[in-house]
Amino acid sequence: MAAARPLHRGRWCYNAAVAELPQNVKGMNDILPPEVAKWQFVEEKARQILDAFAYRELRTPILEYTPLFQRTVGETTEVVEKQMYTFPDRDGSSVSMRPEGTASAVRAYIARSQWNREPVTRWYYLGPMFRHERAQRGRLRQFHQIGAEVFGIPGPSVDAEMIAMLVALLLDLGLAAVDLEVAVNSLGDPDERATYREALRAYFSAHADKLDDFSRRRLESNPLRILDSKDPRVQALAASAPILLDTLGERSRQHLAAVRGHLADLGVASQVDPRLVRGLDYYTGTTFEIKAKVGGLGAQNTLAGGGRYDRLVSSLGGPEIPAIGFALGVERVLLAMSQPAESFESGLTLYVAVLGEKARAFALPLAHRLRLGGIRTEIEHREIGLKAQLKRADALRTRLALMIGDNELAAGKFVLRDLVKREQSEVRADEIEPRIRQAMD
Ligand code: HAM
C-alpha cells in the first residue's frame, strides 16, 4: 500500500496520520486545468471539421452486454480476451466497459433500423474507452477517442474522403504534414481472407516451436491475430510471414488503388503497408493508420486507425450495409502537439479589485451584469490588500483591472487599469462596460 503523503504543507494541513490519500485507478487519469484547455481545443476543432463533413454526433452508453464485443471486435482478439473490463451486472448478466466505439455504433444503427431512415448515415462520437493495457506514455486504461462511422457507401471515394478529413484535422491541430505517415492496406473480402488465413496457418504451423502460448492457441482459431503478437520472437517470425496483398483478387486491388488515387487528388500522400492488419476482427477491405513521428510516442505513435467493416451490420442481424470508420486517440494527439497547454487557456478580461464591504456590495451586481454579458470577470471576495489583489490579477493573466474602494464610490469614479498596455484612466459607472468592450476589440 502506498504511504500517505501530506496534501498541503501550508495553512490547511492535511492530517497524514488520520487517513491514506485516495489514489486514482492506475492508467486512469484526471484531466485538470490548464491541460483541459488543450483538450477542449482538440474537441472543438474535431467537431468543426466533422460538422463540415456532415457528420452528426452519436452518444452511446459506456456499458454494453459483453457478447456485443465478442461478436464484433472478436472473441480471440487481445482487446476482448485480455483487456476488457468485464463484470457481472447485478442481475447476473455479463457487461463490459466499451473498449472502442464501433460496436456500439453498429448496435445502435441496427436497433433503430437506421437504413430505413436514410440511405447514408454519418455518425461521430467522442468519449472515454477502457482497455486494461500496460499503462505507459500514450497508452492508458481509460483513454479517449474521437471516432466516426459512415454507413451505406461501398467506396472507394468515401474511404479517401475519410482519411483526408482525418489528416486535415491533424494539420488543423498544428501537426506538420511531414510528421505524419498515412499507411493503407486492404484485408480483402471474406474469401480472400480465408485463403490468407490458411497460408498463415501453414506458415506458423511450420514454426510452431517459436510461438508463444497466446499465438499457439491462435493457430486454429484466428491465425491473423498472431501478427499482432507483442512477443519479439513471434514478431520476427511474422516479419517473414506471407503477405495478404499477394492473395488479394482484382476487385480488392482495384479498390485499394482507387483509394490511393483519390487520396492523391486530395493532396494526401499514402504508403501501402502490407502488414497493416489492425487488431480488431471486424475489418474487411480498406484499413488505414496515421502515425506521428513526433511526441516521443515510441511504439504508441499510431494516432488514429480505422477501416471498412462491410460485413459487420449483417453479421449482427441487419441487412448487408457497407461501412467504414476510424478512431483517433486524443491523448496521443495531445502528446504529438508541441504547444504547451497554457497557450490554449484564455486569460481573464476583467479583475474587479475591491476594498471594503460597501465597495463589494456595489461591485457584485456590476460584475454579475458584465459576466452575463460574456465578459470573463473575477471579483475579489477575500479581505486582502490592493497589492495582493493586483498580484492575483497578474497570475490570472488579466487584461483589465477595475479598482473600487470607498473613495471611488463616493466620487462616482473608478480606476480602470490596462495591465497589458500599462496605462490607466478614470471612468464613471456608465462608462465601465463600453470601455471594457473597446479594450477587447
Ligand atoms: P483502435 O486502433 O483500436 O481502433 O484504436 C484507435 C486509436 O485509439 C488508436 O490509434 C490509438 O490512438 C487510440 N488508442 C487505442 N488504445 C489506446 C490506449 N490504451 N491508450 C491510448 N490510446 C489508445 C478502434 O478503436 C476502432 N474502433 C476504430 C474504427 C472505427 N474502425 C472503424 N471504425
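Points worth noting:
- Karplus (6.51, -1.76, 1.60) ³J(HN,Hα), θ = phi - 60°, over the stretch 430-440, in Hz, Gly and Pro reported as x: 6, 8, 4, 4, x, 5, 5, 5, 4, 5, 6
- Pairwise FRET efficiency - Ala410 versus His132, Cβ, R0 = 51 Å, nearest 0.05: 0.15
- In the chain, lysine pairs with alpha-carbon atoms under 17 angstrom apart (chain gap of 8 or more, or interchain): 5
- Taken about its Cα centre, the stretch 346-440 carries a charge dipole of about 320 debye when Lys and Arg each add +1 at the Cβ and Asp and Glu each add -1 at the Cβ.
- Within the stretch 295-441, antiparallel bridges make up roughly 60 percent of the DSSP beta bridges whose residues both belong there.
- Hull shadow area, averaged, the chain [alpha-carbon convex hull, nm²]: 29.0 nm²
- Rg/Rg_ref, the stretch 15-173, where Rg_ref = 2.2 N^0.38 Å and atoms are Cα: 1.22
- Note on Ala269 and Ser343: the extension gain reaches 23.6 nm, defined as 0.36 nm multiplied by sequence separation minus the Cα-Cα distance.
- The stretch 79-111 and the stretch 393-440: distance between their alpha carbon centers, rounded to Å: 56 Å
- Only one residue of Leu328, Thr377, Gln114 has its Cα farthest out toward the positive end of the dipole of the chain, where Lys and Arg carry +1 and Asp and Glu -1 on Cβ, and that residue is Thr377.
- Relative contact order for the chain, counting Cα pairs under 8 Å that sit 6 or more residues apart, in percent: 15 percent
- For the chain, modelled as a GNM whose springs connect Cα atoms under 10 angstrom apart, the maximal fluctuation among Glu320, Glu383, Glu64 occurs at Glu383.
- Helical content of the chain, expressed as a calculated mean residue ellipticity at 222 nm, amounts to -10000 deg cm²/dmol (DSSP H runs of 4 or more residues, -39,500 (n - 2.57) each, divided by residue number, nearest 500).
- Gain in span if fully extended, His207 to Tyr85, counting 0.36 nm per residue against the direct Cα distance: 40.6 nm
- Mean shadow area of the stretch 318-419, taken as a quarter of the surface of its Cα convex hull (nm²): 11.8 nm²
- Just checking the listed ones, Arg275, Arg251, Arg422: in the Gaussian network model of the chain with Cα springs under 10 Å, the one fluctuating most is Arg422.
- Candidates Gly296, Gly318, Gly307 compared by Cα position along the dipole of the chain: farthest toward the positive end lies Gly296, with charges placed on Cβ.
- Over the stretch 198-310: Kirkwood hydrodynamic radius from C-alpha pairwise inverse distances, Å: 15.7 Å
Only the coordinates and a few stated rules stand behind these numbers; no lab work does. Since we're looking at a predicted model, the values are computed, not measured. Every residue, glycine as well, gets a Cβ built from its backbone with ideal geometry; the counts of neighbours run over all protein chains shown.
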